1. Somewhere in segment A:134-147, is a residue more than 13 Å from chain B (Cβ to nearest Cβ), in contact with a Leu (Cβ under 6 Å, 6 or more places away or on another chain), in contact (Cβ under 8 Å) with a residue 12 or more places away in the chain and not small (G, A, S)?
2. Which residue, of B:T111, B:T81, B:T116, is over 30 Å from A:A215 (Cα atoms) and of a type in the set (V, I, T)?
3. What are the residues in segment B:248-290 that are free of Cβ contacts under 8 Å to residues at least 40 places away in the same chain, among the aliphatic types (A, V, I, L, M) and out of contact with any Gly (no Cβ under 7 Å at 6 or more places or on another chain), if any?
4. Is it the case that A:E210 is facing chain B (nearest Cβ under 10 Å) and crowded, with 23+ Cβ neighbours inside 10 Å?
5. Across segment A:1-21, what is the number of residues that are in contact with a Gly (Cβ under 8 Å, 6 or more places away or on another chain) and free of Cβ contacts under 8 Å to residues at least 40 places away in the same chain?
6. Can you pull out the residues in segment B:44-67 that are at pLDDT 95 or above and either farther than 12 Å from B:V91 by Cα or over 27 Å from the mean Cα position of the chain (by Cα) (or both)?
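The values are calculated or read from the model by the stated rules, or taken from the named source; none is laboratory data. Bear in mind that the values here come from a model prediction, so they are computed numbers and not experimental data. Every residue, glycine as well, gets a Cβ built from its backbone with ideal geometry; the counts of neighbours run over all protein chains shown.
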Amino acid sequence: MAILVTEKTRVVVQGITGSQGAFHTGLMKEYSSDFVVAGVTPGKGGQELDGTPVYNSVAEAVREQQVNTSVIFVPPPFAADAILEAVDAELDLVICITEGIPVLDMMKVKHAMKDSKTRLIGPNCPGVITPGIGKIGIMPANIHSTGKIGIISRSGTLTYEAVDQITKAGLGQTTCVGIGGDPINGTQHLDVVKMFAEDPATEGIVLIGEIGGDAEEQAALWIKENYKKPVVGFIAGLTAPPGKRMGHAGAIVGGGDRTGQEKVAYLEDCGIKMVQSPSDIGEAMLTFFN
Amino acid sequence: MLIHEYQARDLFAQYNIPVTERKVFESIEGVKEYATELGQCVVKAQVHAGGRGKGGGVKFAPTPEKAVEHANNILGMDLVTHQTGPEGCHVSTIILVPGLDIAKEYYLAITIDRATQCPYIIASTEGGMDIEEVAESTPEKIAKIKVDPSAGCWPYIGRKVAEALELEGKNARIVAGIAQNLYKMFIEKDCSIVEVNPLVVTEQDEVYAIDGKVNFDSNALYRQKDIVALRDEKEEEPLEVEASKHDLAYIKLDGNVACMVNGAGLAMATMDMIQISGGSPANFLDVGGTATPARVEEAFRILLKDPKVEGILINVFGGIVRCDLVAEGVITAVKNIGNIDLPIVIRLSGTNSTEGKALLAESDLTFETADSLNEAAAKIVAAVKK
């Protein structure tokens, strides 16, 4: 078992003919050849990209290839439109890789999605991978291994650090979910924690967060009350000065937010084993399994 | 992206939010004439940092002579506030505005609440003060009014704002309209925060926005050409301006250990580890997902321009970015830049890290390597302390 990305997933790449889209479509197909079944670039329907048919719209890709999941590589000015098109086509899952979407666009998207059945992951995220089944996103495939740990993170390279160590510790991953570094995103830590809790194959969770907002705290509170399996946590940005945006638009401590240290203390109080350095994630998780 | 107070006032005026007249000066020339025209006036330093009043950058002038004296003192001063650091920021522009007889000051702002993912109008009867202090000491005096972004800011929301500010009659109607107009501006101009502090009612019972702070969503600037034109690079950290031209996410900090990392999360974690190891990070720098040799070189040049830097830590987890290309970038950068007489610690992990390490070993660079972030941070901190 796994979450979000399973054997039933059929992927359409929105923005497949762009340089990022084309490049990563190749890598995704290399990992799981029958996973990406369609691409969409408005106006370029009828073409093929390395054997993958390109359509003018997501709806057409649904009709022709029964896709249920999309991954978005279109540039920021058009990304909100791409998400809404995928939602309109009633896909189960939309993963938006694009970085730099205006906040007000994402606010509109989120409100438009209120009554939809679609789950959005991202934007500004590395994507989702279920090792051995399929990869949807830009993460390096070779560091992953099948196993029993679920990983949730706001950041790309920090996820890779955690994945690499969990692999080297011999534990492997069920699914790794990058939820993205923007202040308004589709799926929060808490949503993913709940999914992992319902997945019998997931025997522990790595939760990686950042300064700013209180999404990590919400997940931690739920874990305290509902989740009995081990959780290892890490928060990045403890030394960042307040009011300065650290690369990710979401990584900024604003009025009313806990400081980084307060966030770590809160997660610790909820029973999460917090590590000081991302280098210690694998070892910390391994202590629960020896 | 931040703008100056006078630019914020002009934007307010565009949205029919009442502001008083103002004139911008970069020298003393004309100050006396305009001050004479205004009668009593206020001289205000135009810098992006907050806390100008407490730092001596805002002065009331009852006479034109006083206005000239204040203008002379403020123009050219290095204004120190809680947001500037001890060296302060240089004042090259001032404005003169009429000195009003203020009866009551209010606070009005709009920002997006992350938890509900909606805009909120924030209103308080305690205007003119630091709103974070008000939130701390008397949170009941701050009203937070949610706006559903799909419905927009209807008149009843304006009325709620006026009620929260305990206004009645004519002024309630005016402030309700101001709240709606401010919301319109917030949405149309892709603001991340707009703040009117204070909004005042005068003894003559007139309403004015007499100070404003506006910040814009940098992701949306591509569609806000008129806002981009207001950018004042003088107000920004020069190294950050230069980095942004090369599309590098760089933030200057006060420490002496520079770091170059791929990915924002890992870059933050690297800064943290430098601190935990007993050092002090000089910057945040995310070279991003396309760390080509040219970008690595640009990043190196920017790091080296900070005179406080005494050592460099390079931490790259190769994913799509290949470690051998990063290594190549470092080698070329050092070669092109010339003698770098600083300790360098390099940690390469992930895709092609073995090849990357081999390239570094073959080069004639002097550096240390590390396998983990912990080890890398400890090594660079130790090297800097030597």
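1. In the first step, residues of segment A:134-147 are kept if they are more than 13 Å from chain B (Cβ to nearest Cβ); the result is A:134, A:136, A:145-147.
Subset that is in contact with a Leu (Cβ under 6 Å, 6 or more places away or on another chain): A:147.
Add one more test, that the residue is in contact (Cβ under 8 Å) with a residue 12 or more places away in the chain, and what stays is A:147.
Going one step further and asking which of them are not small (G, A, S), we end up with none.
Taking every residue of segment A:134-147 in turn, none turns out to be more than 13 Å from chain B (Cβ to nearest Cβ), in contact with a Leu (Cβ under 6 Å, 6 or more places away or on another chain), in contact (Cβ under 8 Å) with a residue 12 or more places away in the chain and not small (G, A, S).
2. Numbers: B:T111 fails: over 30 Å from A:A215 (Cα atoms); B:T116 fails: over 30 Å from A:A215 (Cα atoms).
One residue alone meets the criteria, B:T81.
3. Scanning segment B:248-290 gives B:I251, B:L253, B:M271, B:V287.
4. Values: facing chain B (nearest Cβ under 10 Å): yes; crowded, with 23+ Cβ neighbours inside 10 Å: yes.
Against the criterion (facing chain B (nearest Cβ under 10 Å) and crowded, with 23+ Cβ neighbours inside 10 Å), A:E210 qualifies.
5. Result for segment A:1-21: 1.
6. The answer is B:K59, B:F60, B:A61, B:P62, B:T63, B:P64, B:E65, B:K66, B:A67.
Yes or no, residue by residue, for (1) surrounded by fewer than 20 Cβ atoms within 10 Å (Cβ to Cβ); (2) hydrophobic (A, V, I, L, M, F, W, C):
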residue	(1), (2)
B:Y250	no, no
B:G255	no, no
B:A264	no, yes
B:D272	no, no
B:P281	no, no
B:F284	no, yes
B:K305	yes, no
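Here is a yes/no grid of residues against (1) surrounded by 19 or more Cβ atoms within 10 Å (Cβ to Cβ); (2) touching a His at 6+ places or on another chain (Cβ under 6 Å):
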residue: B:G30; (1), (2): no, no
residue: B:C41; (1), (2): yes, no
residue: B:A49; (1), (2): yes, no
residue: B:K59; (1), (2): yes, yes
residue: B:P62; (1), (2): no, no
residue: B:I94; (1), (2): yes, no
residue: B:V97; (1), (2): yes, no
